[in-house]
Each structure stands twice: as structure tokens, then as C-alpha cells.
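Read the structure below first, then the notes.
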Amino acid sequence: MTPPAAAPGAAEKFWPTARRLLGRLRPFRRFMFGAVAATCAFAGLNVAAPKYLGDATDVVVEGVFQGALDHGRLGFLLAGVSLMYVLASLFNWIQGALTARSVQGLMYGLRAALEDKLHRLPSAYFRERSRGDVLSRATNDIDNIAQAMNQLLTQLIMSVLMLCGSLAMMLWISPLLAAIAIATVPLSTLITVLVARRSQAHFAGQWTETGELNAHVEEFVSGHEVIKAFGHQAQAAETFGRSNDRLARAATKAQYSAGMVQPLMVLISNLNYIAVAVVGALQVIAGAMTIGGIQAFIQFSRLFTQPVGQIGGMLNLIQSCVASAARVFALLDTEEDPPEPAEAKAVPPGGRIEFNDVTFGYPESAPAVHNLSFSVEPGQTVAIVGHTGAGKTTVVNLLMRFYEPGSGRITMGGTDIAAMSRDRLREQFGVVLQDAWVFAGTIRENIAYGRPGATESCITAAAEASYVDRFVRALPCGYDTVLENGGEPLSQGQRQLLTIARAQLAGRAVLILDEATSSVDSRTELLIRQAMQRLRQGRTSFVIAHRLSTIRNADLILVMDHGRIVEQGTHHSLLAANSYYARLHNAQFSAGTGRTGALEAGI
């Protein structure tokens, strides 16, 4: 897989993304105001302390030259400085606590927004993107933002305040020396701006490659048995190595470009220190300054240049944070399903279902289904057959509004489903897919997923009707057995029976049954077929069929080919027509052909 390039215009999106991220802190402005106030107090105390230390130095110098040290004044000044540093530490702790509260609130809101967004995204979004990249945006990028914001909001505000406070004190003590210290600021600013423009695109590429690497890891973990079975460990490791190499190069470029700032800032700071020390010494010799004054000024110059260097050193954090935020906001800005109608109509339970000249095509693809027209009466079983890619699954996806028709109408009980709420519509459907989906939790919780709050007796009754109860009772923990890693320790057939029990308990009016017997043994297949037969009783059912033996009793069979219905009728009427369906049937059941015949027929 070729990785996508970093988003163009990453540098141009820096400020809009940064403003948007900071804008999400508005709900926590009380905490942020408190943090800023604590930071102001911390900065003020740290800025004031060197001035009092300078005064204490002058008291000592005067005592040496005059032969009488003012112990009272010296003790007062040193006690005051000590108290200032103690209070500064307290305010620093308060600022850190309030900042952490604000940042965690921001992260909580972002995670909640992402979770809500994922539920509103169309199915096409997940069809077109790797799961690893989506997971990376929801986990790695969010964590990166949290770590960066914790440091930035603490250090950045503090650095700016220390910069302003120390500058004011330097101007008060000596405007000449302050002018020397300030002279380095334009150079520092220029370096920061140039490096920021260069590194932003690299950080965007770094997090894009992180998403790609996560996608590869997720793929390898989920398919490790297949990889080992075919002996493709070396190829898998090579693919991972290429992705890891791209990530390492992107991260190295990002860190290298951003890391240039700190050494340059240190160099400028040291040159500034030398200039201040030399000119200050000349000022002391000339009698324009005291020794305590130059000592205080040198401390203030350090307090001035240190924030400048810190701000430069924070550049990599800022760039990385904004790059991650851009990826998160890109997901939040993704186009959602078309909006619900202003006044959604009620869903008539158990109504007649009709497809009227429905056509649909996936984005940038040829139409998947063409001019579909058929009707299903309440309680009927409809089977949809055809070769892979014929459009069988697309039909049920359109029925459940995972996709919207390009043209035509789908009605239920005479009402266009486009005028219904998606959530209300889907409450009418129970689904049993070919790939049994089982989440991490107990067997009881997995069955009750179909009807939260169901009583124990209802859960047990659904399990008994689906032949789940017999193997659950044999497990050491029974219904409290915890399923992990997609359903272990249950077999594939047992997982499928469990999903049927889930649908049985849900008691929905319409069933979608994707043929679930293709990967199980004959005995389990018989149990699944019997359980599905019980499940269909009294309900409208759509059965996507691969094995034609499972649909002989269907009320209506739709035979699809290249997105069109080429035949429809009952099993016997279609056999009598001796056309497409008859050829599929004969290929599957002719003596000596078996599954080979089915494959040749394209089932």
C-alpha cells in the first residue's frame, strides 16, 4: 500500500487549526483564568526575587566597605526572598493542577466528539479508509495533543509572563543593558519563524505515517494465523519495515528541523550574556551601577533569554500538536450521512416493503445495482442469490439506509424510508451476518446486546431456541464465560449460533440473514439452519444465500447478476424456467461437481 502524502498546505493551516484547538478551551475558561492568575503570581514573585537579592548583595558590599554589616536589613531581605520562592512554588503547583483540569476536559470533549462523529459517519467512510488510521486519529493523535497541551499551556504562558516581567525590570535597572539584551530578540524570532514553516509539513507527515503503521499492525495482528499458515512472515515483516522506515524518516526530519531551534537559542543567549557582563562591568567601574544592580540585571537577563529559548524549544511540541489536531479536525469535519428529515415519519411495523426502480453506485465506481423493483409482503422470506459482486449485500444496505439510492424509492408500509429517522428505521431490523460479530464481554452480555435490560429468563429462552444453551451449560462459567479476541473460546459455529440468539431476543420485525453456514461443519450447519428457521417464523426475512439448499422454501427468490434482477420467483418456478437460477442450482448439486461446480458457477 502506498502511503498518502502529507496534506498539502499544512503550514497554511497552522494558525486556523491552532485557533480552533484553543477555542475548544472556552468551556474551561474559569480554570484557565485561575491558571493564568496563578502563573502571573508565580512570574511576579520570580521576577521580584532577583531585585531583592541584588539589594541584599549591596547591603553586604556596603557592610564590607563600611565595616558594619546591617544584619537586620540583610535578614529581612533574605527572609523575604525565601518567602517569595516558597509562594512561587505553591502558585506553580496551583497553575499545574488547573491546567491539567482544563486539558483533560478538552481531551474528554474531543474523544466524546470523535465517538459521536464515528456513529454519524456514512459506511462509505470506513469502506474507503484503513481501520488503523481511524484508530490512530482517535487514540495516538488525541494522546499527543494532551501531552503537548499540558506542557504548552504551562510553559508557554509562564515563559511569556517571565519574558515581559524580566524585560520591565531590566528597563528599570539599566535601559542601556536592556537594549543590548533586546537586540537578540529579532534574530531569535526570525529563526523560530523559518524553522516553523519548514517543520510543520514534516510533523504532518509523521502523524500520517503513524496512522499507516497502525493500519499495518492491526492487519497483521488480526490475520496472524493466515500469515503463518502461508509462510508470509518475511513479507509481513518487510511491509512493516517499509512503513516503519517511512515513519522513522518523517519523524527524524520533523525532530531534526524543530530541534535546530534550541541550540541556536542557547548560542544567542550566551552571546547576549557575554555582552551584558562586559558592558555591565564597565558601568560598575564608571559608577553608573552598583555590584548588586549588575548581579540583579544578569539574573534578569537570564530570566529574559531563558523564556525565549524555551519558546523556541517548544516549537516541536507546537508543530506536533497542531499536526495531530489537524488530523482529528479533518475527521470531525468529514461529511456525514445526509440530514434527517425535519419531521421524520413514523415507521409502520411489519409493513409491506417495496423497491421501486432503485439505482445506486459507490463513489467513483460504476452503479452497483440497476433499476431494482420488487415487493415483499409482511411475513415473507426473500432470498437473494447470485455470484460475488452481483449486488446482494448492496440491496440490504440500501434497505437499512447505510447508503442512499441514487434514484428510485424504497418504501415500508407505503412510506418512503428516506422520510424516516435512520435510528427508528433500523430498530425494525435484526441482523445475522456471515462474519459473526462478538464483542469482549460475557456470553450473557453478548446475547442481551439485542435487547438491553432483558431478564434472565428471556436470555435463556432465546439461547435455548438457538441451540446456544446446550453448549453454554457445558462451559465452566456458563453464561458468565468471558469472550475475548473476537469470541474465544467459542468455535465459529458457536459464535454464529450466539448471534442468532441475539437476534432472537431482539424480536425485530424484519430480519437480514447473511448466509452463515459457509464456514462450519455439517452438523453445526444443520443446527444453524434450524435456529434460523425458528428465527424467521412470523417475520419478514431477507436471506443472502450462497448455498441454494437453504432457500428452497423461500417465498420469493431474487436472482441477481451484475447489479440487476435477472429472475425472480419460487424455487420450483425458477427451476421450471430452466434459466440462470437452474444453471446455478445444477452446478451446485450435480453429481460429482459439489463445491467445484458451485465455484465454476460463480456462487
>> Against the definition (modelled with pLDDT of 75 or more, among the polar types (S, T, N, Q), assigned to a helix (DSSP H, G or I) and buried (at least 20 other Cβ atoms within 10 Å of the Cβ)), how does Ser257 come out, yes or no?
In response: no
>> For segment 451-495, give me each residue that is part of a loop (DSSP other than H, G, I, E, B) and in contact with a strand residue (DSSP E or B) (Cβ under 7 Å, 6 or more places away or on another chain).
In response: Thr481, Leu490
>> Whether any residue in segment 485-494 is touching a residue at least 60 places away in the same chain (Cβ under 8 Å) and not charged (D, E, K, R) is what I want to check.
In response: no
> Which members of segment 25-45 meet the condition of being buried (at least 21 other Cβ atoms within 10 Å of the Cβ) and out of contact with any Leu (no Cβ under 7 Å at 6 or more places or on another chain)?
Replying inline: Phe42
> Hey, does segment 457-475 have a residue that's of a type in the set (Ser, Thr, Tyr) and either at pLDDT 90 or above or touching a His at 6+ places or on another chain (Cβ under 7 Å) (or both)?
Replying inline: yes
> Taking the stated definitions as given, is Arg73 of a type in the set (Lys, Arg) and over 22 Å from the mean Cα position of the chain (by Cα)?
Replying inline: yes
>> Can you tell me which condition Met149 does not meet? The list is (1) out of contact with any helix residue (DSSP H, G or I) (no Cβ under 6 Å at 6 or more places or on another chain); (2) among the aliphatic types (A, V, I, L, M); (3) over 19 Å from Asp333 (Cβ atoms), and all the others hold.
In response: (1)
>> Looking only at segment 394-411, filter to residues that are closer than 20 Å to Glu377 by Cα and at pLDDT below 90; which one of those is surrounded by the most Cβ atoms within 10 Å (Cβ to Cβ)?
In response: Arg401
> Applying the selection to segment 77-106, what residues are surrounded by 18 or more Cβ atoms within 10 Å (Cβ to Cβ), under 30 Å from Glu336 (Cα atoms) and of a type outside the set (S, T, N, Q)?
Replying inline: Val103, Leu106
>> If the requirement is being among the polar types (S, T, N, Q), in contact with a helix residue (DSSP H, G or I) (Cβ under 6 Å, 6 or more places away or on another chain), in the same structural domain as Glu115 (by TED's automatic domain parsing) and in a helix (DSSP H, G or I), which of these qualifies: Gln283, Gln306, Gln295?
In response: Gln295
> Going by the structure shown, is Leu513 at pLDDT below 85 and in a strand (DSSP E or B)?
Replying inline: yes
> Regarding Glu377, is this residue farther than 18 Å from Phe360 by Cβ and assigned by TED's automatic domain parsing to the domain that holds Asn485?
Replying inline: no
> small (Gly, Ala, Ser), over 36 Å from the mean Cα position of the chain (by Cα) and surrounded by fewer than 16 Cβ atoms within 10 Å (Cβ to Cβ) - does that describe any residue in segment 520-536?
Replying inline: yes
>> List the residue pairs whose Cβ atoms are under 6 Å apart, where the first residue sits in segment 319-344 and is more than 13 Å from Met149 (Cβ to Cβ), the second is of a type in the set (S, T, N, Q) and in a helix (DSSP H, G or I), and the two are 6 or more positions apart or on different chains.
In response: Gln319/Ser199; Gln319/Gln200; Ala326/Thr17
> surrounded by 19 or more Cβ atoms within 10 Å (Cβ to Cβ) and more than 26 Å from Gly538 (Cβ to Cβ) - does that describe any residue in segment 458-475?
Replying inline: no
>> Condition check: farther than 19 Å from Ala168 by Cα and at pLDDT 80 or above. Does Val278 satisfy that?
In response: yes
>> Restricting to segment 10-21, and then to whatever is under 21 Å from the mean Cα position of the chain (by Cα) and surrounded by 15 or more Cβ atoms within 10 Å (Cβ to Cβ), can you tell me which residue is nearest to Ser166 (Cα to Cα)?
In response: Ala18
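The values are calculated or read from the model by the stated rules, or taken from the named source; none is laboratory data. Note that the structure is predicted; figures quoted are calculated from it, not measured. Positions of Cβ are generated from backbone atoms using ideal geometry, with glycine treated the same way; all protein chains shown enter the neighbour counts.
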